Amino acid sequence: MKFISRLTITALAILVVAYILPGIVVSEGLTFEGFLTALIAALMLGVVNALLRPILMILALPINMLTLGLFTFVINAFLLMVVSYVVPGFMVLNFVSALIGSFLISAISTIASYAIT
């Protein structure tokens, strides 16, 4: 049950960020099809975070230590762009949008998760 609620929260966060930020696009917008696209993007983001993020974090450990952990935002933006290549209907137009979008998605989903649980 917790997995489904976190997935739904992340999908809603993706929709909110796509509505606010012009560089991130969910093709169907604020419709049921758009929510399904955001749900698939949230699921793929979870899979990519589970599989690729640990490897990238280990490889980027020296840079991450030099930047005091701020390079993690760059890794999150890269993973969001990877998801945009995999999920049809979900587009991230440039890296700056991915950077801002990944920060907003994580902030919104964290706040919403704490508010619900």
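Values quoted throughout were computed directly from the atomic coordinates according to the rules given, and no laboratory measurement underlies them. From a predicted model like this one, the values you see are computed outputs, not experimental measurements.
Helix content alone sets the calculated 222 nm mean residue ellipticity of the chain: runs of n ≥ 4 DSSP H residues at -39500 (n - 2.57) each, divided across all residues, give -25000 deg cm²/dmol. Helix 95-116 and the longest principal axis of the C-alpha atoms of the chain enclose an angle of approximately 70°.
Against the set (1) 40, 16, 14; (2) 23, 16, 13; (3) 19, 14, 14, the structure's computed semi-axes √(5λ) of the Cα gyration tensor in Å falls on (2). Rg over Rh for region 1-66 works out to 1.10, both radii taken from alpha-carbon positions and Rh defined as the Kirkwood radius.
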